[in-house]
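To start, the structure under review is shown below, and the notes come after it.
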Amino acid sequence: MNYISIKEASKKWRISDSRIRVLCREGRIEGAVKIGRNWSIPSHASKPIDAREVINKNYFGLEFDFGYIDSLKTY
């Protein structure tokens, strides 16, 4: 298996070296191993999804009139 360094991964993924170290430390880069003081990242590893970005979801059916259901209840 071929490994790349943090510097090579930062050029490949266009993010900083320190951010890649944090991702490795958190275990978010699959297959990354620490050898001594340095991290080795598999060359086939993909860039992790940025958890800081918000994914907008559309929810359907929220405009349903629940008053009808409440009128069917017997108290």
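A few remarks follow.
- Whether a residue is modelled with pLDDT under 95, among the hydrophobic types (A, V, I, L, M, F, W, C) and touching a Gly at 6+ places or on another chain (Cβ under 9 Å) was assessed, and A51 does not pass this test.
- Among residues of region 41-52 that are more than 12 Å from E8 (Cα to Cα), those with a beta-carbon under 6 Å from a residue that is of a type in the set (K, R) and part of a loop (DSSP other than H, G, I, E, B) at least six positions away or on a different chain give the pairs P48/R28.
The values are calculated or read from the model by the stated rules, or taken from the named source; none is laboratory data. Just so it is clear, the structure is predicted and the values come from calculations on it, not from any experiment. Cβ sites come from the backbone with ideal geometry, for glycine too, and all protein chains shown count toward neighbours.
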